[in-house]
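The values are calculated or read from the model by the stated rules, or taken from the named source; none is laboratory data. Just so we're clear, the structure is a prediction, and the values are computed from it rather than from any experiment. Quick reminder, even Gly has a Cβ in these numbers, built from the backbone with ideal geometry, and neighbours come from all protein chains shown.
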Amino acid sequence: MRGLAVFVAMVLAGGGAAGAQTSVQLPALPGVGQWVRFLDPQERAFTIDVPAGWQVQGGTARWNALQYRFWLHVATPDGSTSLGINDPTEFFYVVPTPVLAGSGFREGSLYSPTGVTFYKVVRYHNGAQFAALWGRSKLEQLCGDVRLVMNRAQPELTAEVNRYAQVLGMSRDAGEAGFTCSARGLEMTAYVQATVNAVGDQSGGLWWADPIVSFLTPSPMAGITAGLVAHMVASARIDPNWLARQADTNMAVSEITTRTNAAISSIITRGWAERGAIIDRVMEEGSRARLGIDVFANPNTGARYVVPSGYDYYWANPAGVVVGTRTDDAPNGLTRLVHVPP
């Protein structure tokens with residue numbers, strides 16, 4: 001499943017004689033504030049900022065000339081945090097009608113009006129409904145004890161994105177959902193923001209969700225992770241050469257996408273500001289204490305890591321796996337990290 005990565009949670013190691021060191025593998029966010037530009041490898045259709053040193057998958061998922069979706073999935077080297085923009089497996093939908101049902105296309109079936117484009121017959125979901133249903137379906141493959149803790153419409157964002165949607169003759173509805181879940185002893189936080197696009201009406205139209213913005217992370221990292229995904233969304237740009245190869249409304253699509261992404265980024269940042277979505281706050285002492293995090297760096301490489309606070313010493317291996325200990329005895333093959341002051 002590409003929408004969200006399978007994560008590695010807390011692992012205990014060590015033991016042996018009395019007084020021997022116990023080390024704990026920690027979820028960490030490497031390279032916060034350091035970005036590299038990702039280019040769509042399939043069609044060179046878009047570029048987007050991704051955190052330096054993270055695992056990256058993405059591109060253009062295309063079913064036919066008319067149905068395609070840009071998508072991106074990035075994860076920390078240890079897999080404990082993942083960020084997603086869109087889902088390459090997500091369907092396009094058509095609202096069920098008596099005519100479709102009479103032709104044998106009942107809800108849940110696949111329908112192709114032309115033999116080229118394909119739709120799944122499903123009742124319309126607004127942004128909030130889609131975010132909750134999509135989020136739960138993905139998380140249940142990854143977490144235990146999945147709980148929906150927040151689900152609401154985003155009328156301010158809906159009004160903003162509909163200003164641009166009218167150019168293309170469609171309507172849009174935005175909503176969000178927040179979840180908690182657990183895995184291997186870690187409390188995780190997940191967030192989904194979905195914008196549902198519709199052509200026609202709920203009695204016989206087409207609809208699809210795009211963009212779907214999501215993240216899954218250990219709960220102490222939620223605010224910083226929100227800031228990362230907000231930056232990524234705002235940085236996305238469609239390539240003008242790719243647009244020139246598309247058939248219609250090229251410039252309108254480019255402008256609408258840029259403005260929509262900026263609006264979504266702003267909403268996510270403001271919604272998570274209290275928990276640290278502004279990445280610069282990670283460097284402030286008060287914010288670190290409030291969020292239960294701290295910043296350490298590898299003295300050999302300069303790589304920085306945002307880590308959960310509470311350990312006396314922090315160490316990292318060449319792959320970026322971070323370990324916390326209570327004593328200054330170096331775990332095998334690991335480099336001691338140095339504290340980065342606010």
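Just so you know, in region 300-338 the residues that are crowded, with 18+ Cβ neighbours inside 10 Å, within 24 Å of residue 223 (Cα to Cα) and β-branched (Val, Ile, Thr) include one that is farthest from the chain's Cα centre (by Cα), and it is 323. For beta carbons closer than 8 Å, sequence separation of 6+ or different chains, a first residue in region 297-318 that is in contact (Cβ under 8 Å) with a residue 60 or more places away in the chain and under 19 Å from residue 34 (Cβ atoms) and a second that is part of a strand (DSSP E or B) and of a type in the set (D, E, K, R), the qualifying pairs are 306/294; 307/294; 314/336.
Is at least one residue of region 161-171 β-branched (Val, Ile, Thr), in a helix (DSSP H, G or I) and under 30 Å from residue 41 (Cα atoms)? Yes - at least one qualifying residue is present in region 161-171. Evaluated against (1) at pLDDT 85 or above; (2) farther than 30 Å from residue 111 by Cβ; (3) more than 16 Å from the chain's Cα centre (by Cα); (4) not hydroxyl-bearing (Ser, Thr, Tyr), residue 207 falls short on exactly one condition, (2). Residues that are surrounded by fewer than 23 Cβ atoms within 10 Å (Cβ to Cβ), within 28 Å of residue 93 (Cβ to Cβ) and free of Cβ contacts under 8 Å to residues at least 60 places away in the same chain within region 202-238 comprise just one, 234.
Taking the criterion of being modelled with pLDDT under 80 and either of a type in the set (Ser, Thr, Tyr) or touching a Gly at 6+ places or on another chain (Cβ under 9 Å) (or both), would at least one residue in region 290-297 satisfy it? The answer is yes, given that some residue of region 290-297 is modelled with pLDDT under 80 and either of a type in the set (Ser, Thr, Tyr) or touching a Gly at 6+ places or on another chain (Cβ under 9 Å) (or both). Applying the condition of being touching a Leu at 6+ places or on another chain (Cβ under 9 Å) and of a type outside the set (Phe, Trp, Tyr) to region 280-302 and asking which residue is farthest from residue 26 (Cα to Cα) yields 281. Elements of the type strands (runs of 3 or more DSSP E) sitting completely within region 1-86 and holding at least 3 residues that are at pLDDT below 80 and touching a strand residue (DSSP E or B) at 6+ places or on another chain (Cβ under 6 Å): these cover 11-14, 22-26. Only one entry in 189, 195 is over 13 Å from the mean Cα position of the chain (by Cα), of a type in the set (S, T, N, Q) and closer than 19 Å to residue 271 by Cβ, namely 195.
Of all the criteria given as (1) touching a strand residue (DSSP E or B) at 6+ places or on another chain (Cβ under 7 Å); (2) aliphatic (A, V, I, L, M); (3) free of Cβ contacts under 8 Å to residues at least 60 places away in the same chain, the one not satisfied by residue 101 is (1). Restricting attention to region 99-126 and to residues that are farther than 21 Å from residue 64 by Cα and either touching a helix residue (DSSP H, G or I) at 6+ places or on another chain (Cβ under 7 Å) or of a type in the set (A, V, I, L, M) (or both), the residue that is modelled with the highest pLDDT turns out to be 125. Each residue in region 22-62 was checked for being within 17 Å of the chain's Cα centre (by Cα), surrounded by fewer than 17 Cβ atoms within 10 Å (Cβ to Cβ) and of a type in the set (Ser, Thr, Tyr), and 1 pass. Just one of (1) within 16 Å of residue 260 (Cβ to Cβ); (2) of a type in the set (D, E, K, R); (3) in a strand (DSSP E or B) fails for residue 156. It is (3). When residues in region 111-126 are screened for being in contact with a Ser or Thr (Cβ under 6 Å, 6 or more places away or on another chain) and either free of Cβ contacts under 8 Å to residues at least 40 places away in the same chain or closer than 13 Å to residue 209 by Cα (or both), 1 of them pass. Restricting region 110-122 to residues that are within 31 Å of the chain's Cα centre (by Cα) and closer than 16 Å to residue 207 by Cβ, the residue that is surrounded by the most Cβ atoms within 10 Å (Cβ to Cβ) is 119. Number of residues in region 56-73 that are among the β-branched types (Val, Ile, Thr) and farther than 16 Å from residue 211 by Cα: the value is 1.
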